[in-house]
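The values are calculated or read from the model by the stated rules, or taken from the named source; none is laboratory data. Everything numeric in this text was worked out from a predicted model, so none of it was measured. Every residue, glycine as well, gets a Cβ built from its backbone with ideal geometry; the counts of neighbours run over all protein chains shown. Protein only, heavy atoms only, side chains kept; ligands, DNA and RNA dropped before computing areas. Shrake-Rupley method; radii C 1.70, N 1.55, O 1.52, S 1.80 Å.
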Amino acid sequence: VECSSADEALAAVSAGADIVLLDNLAPQDLHAAAARVKAAHPGVTVEASGGIVLETLPQFLGPHIDVVSMGCLTHSAPALDFALRV
């Protein structure tokens, strides 16, 4: 479930979500929210997403973050023009 705060994530987990995506949070807010979720529900998977690029990736890694999503890997990838002739 995509969440924009720790409260939303906790509500989602209480409703049965087993994975929460914390979206568009500043690193310090992300880590605080993830810690709250993991303290209450240690088995839940916490994913970080939103505005994460290779240069800022280390700021988003931490002990309570299980998965990091980076849209820049697809939407910022250069195009390749090729043809296949059979």
Search the structure for amide H atoms under 5 Å from the amide H of Leu21, placed 1.01 Å from N in the peptide plane, and list their residues when 5 or more places away or on another chain. Glu2, Cys3, Glu47
First compute the accessible area of the stretch 2-76 with a 1.4 Å probe, then give the percent of it belonging to carbon and sulfur atoms. 56
Only Lys, Arg, Asp and Glu count, each charged at its Cβ (+1, +1, -1, -1), so figure out the dipole size of the stretch 2-76 about its Cα centre, rounded to 20 debye. 160
Hey, can you find the accessible area per residue of the chain for me, probe 1.4 Å, expressed in square angstrom? 64
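Nearest 5 percent is fine: what portion of the DSSP beta bridges confined to the chain is antiparallel?
Of all bridge pairs located within the chain, approximately 0 percent are antiparallel.
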Rounded to the nearest whole Å³, what is the per residue volume of the convex hull around the Cα atoms of the stretch 2-76? 76
Alpha-carbon centroid distance for the pair the stretch 8-28 / the stretch 33-59, whole angstrom: 9
